[in-house]
Amino acid sequence: MADVQMLALAPPQPAPTAQRLGKFSAYFGTPGNTIVSLLSIAGILFIAKLAFGWLVIDAVFSGAGEACKVASGACWPFVAQKLRYMVFGFYPYEEQWRPLLALLLLFGACGVSMVPRFWSRNLLLAWIVVILPVLYILMAGGVFGLTPVPTTSWGGLPLSFLLSFIGLTLAMPLGIVLALARASNLPAIRVLAVGFIEIVRGVPLISILFMATVMLPLFMPDGVTIDKLVRAQVAIILFASAYIAEIVRGGLQDVPAGQHEAGKSLGLHYWQVMRKIVLPQALKKVIPPMVGLFIGFFQDTTLVTIVGLVDFLDTVRSAIRDPEWQGIAVLEGYLVAAAVYFTFSALMGAYSRFLENHFRTTHA
């Protein structure tokens, strides 16, 4: 009893150092962590100072190439002069409002589609019947008084977004079908799915693009040609579907077998079990790797240059090679490209985290 009274009357002790520091304990909890943290902060501040000096203090904001030759900072007149070309490529200058409007429509439609409350069959119908046809009409023209613009003149940012968005959107259902086929109990279907997935995943995307551009016309009848943009789009769809299939298959394997049995016990047939019970759970589990794949393919659309298409990164390279600016502005163009790719990749990553939290809340 005396021991208990002594413990009760003992003065309160200060909290441990790590507990007092809270979330900063990982950075300053020990002498070693403190030294590493301070050195890292100093390095970040030093790099930020150099970057700010190059981007702002020593930069040139007006003039031409001659003014940039004697400057030690960034040459922003290059970006101002070449921005429209970097964004729209060889699209006719006086018609560039059309790809700009197409981009705004695509971004707006994607923004609405990312909100869970709008998910419905009507939204899917709107994409098929309204949004995609309007995007094509704006880009291609030929109707409603719009000047026809061939796909060979499409380029820049609109081309990169159309290739990646349409490619991944169409590859998603194909990848799900391939995943189900690979997990099928029917040997013939399983072998075909395994063969397709392994062959496509066994070669790089650049080879698929090359074969679609060079070899596919050899198998077409005389007089029948397929647009180069369509060939590149089909190659991206087939390539992405193989990777999506493996990701979805991993999600399917993570769904407990009892879910299949529970669906069958309710009298549901195979496709009903998959559509209503198994696939929703599997797709929720694979959101992080799926978004990571989407980010990678959005950046890999730069490979379409090998088939003669001018994507956003290629227009940046072409602008840098302009004789008027060659050797004067190089890093500035790549910074613009890096900023664009980073922005949209970061947005996709943020949306991935949103979906994870949304489905976790819904499941709870």
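The numbered conditions (1) crowded, with 17+ Cβ neighbours inside 10 Å; (2) within 28 Å of residue 209 (Cα to Cα) are all true for residue 352 except (2).
Selection over the stretch 288-341 of residues that are β-branched (Val, Ile, Thr) and touching a strand residue (DSSP E or B) at 6+ places or on another chain (Cβ under 8 Å) gives a count of 7. Residues that are hydrophobic (A, V, I, L, M, F, W, C) and at pLDDT 85 or above within the stretch 340-364 comprise 340, 342, 344, 346, 347, 348, 350, 354, 355, listed in sequence order. Flag set for residue 79, criterion: of a type in the set (Val, Ile, Thr) and in contact (Cβ under 8 Å) with a residue 40 or more places away in the chain.
Taking every residue in the stretch 208-228 that is modelled with pLDDT under 75 and pairing it with any residue that is open to solvent by 80 Å² or more (accessible area, probe 1.4 Å), at least 6 positions away or on another chain, the pairs with Cβ-Cβ distances below 8 Å are 217/225. Within the stretch 138-185, the set of residues being among the small types (Gly, Ala, Ser) and farther than 13 Å from residue 237 by Cα comprises 140, 141, 142, 145, 153, 155, 156, 160, 179, 181, 183, 184.
Selection of helices (runs of 4 or more DSSP H) fully inside the stretch 278-364 by the criterion of at least 1 residues being among the acidic types (Asp, Glu), in the same structural domain as residue 173 (by TED's automatic domain parsing) and closer than 30 Å to residue 260 by Cβ returns 331-363.
The values are calculated or read from the model by the stated rules, or taken from the named source; none is laboratory data. Values in this document were obtained by computation on a predicted structure and should not be read as measured data. Here Cβ is always computed from backbone atoms with ideal geometry, including for glycine, and neighbour counts include all displayed protein chains. For accessibility, only protein heavy atoms count, side chains too; no ligands or nucleic acids. Shrake-Rupley method; radii C 1.70, N 1.55, O 1.52, S 1.80 Å.
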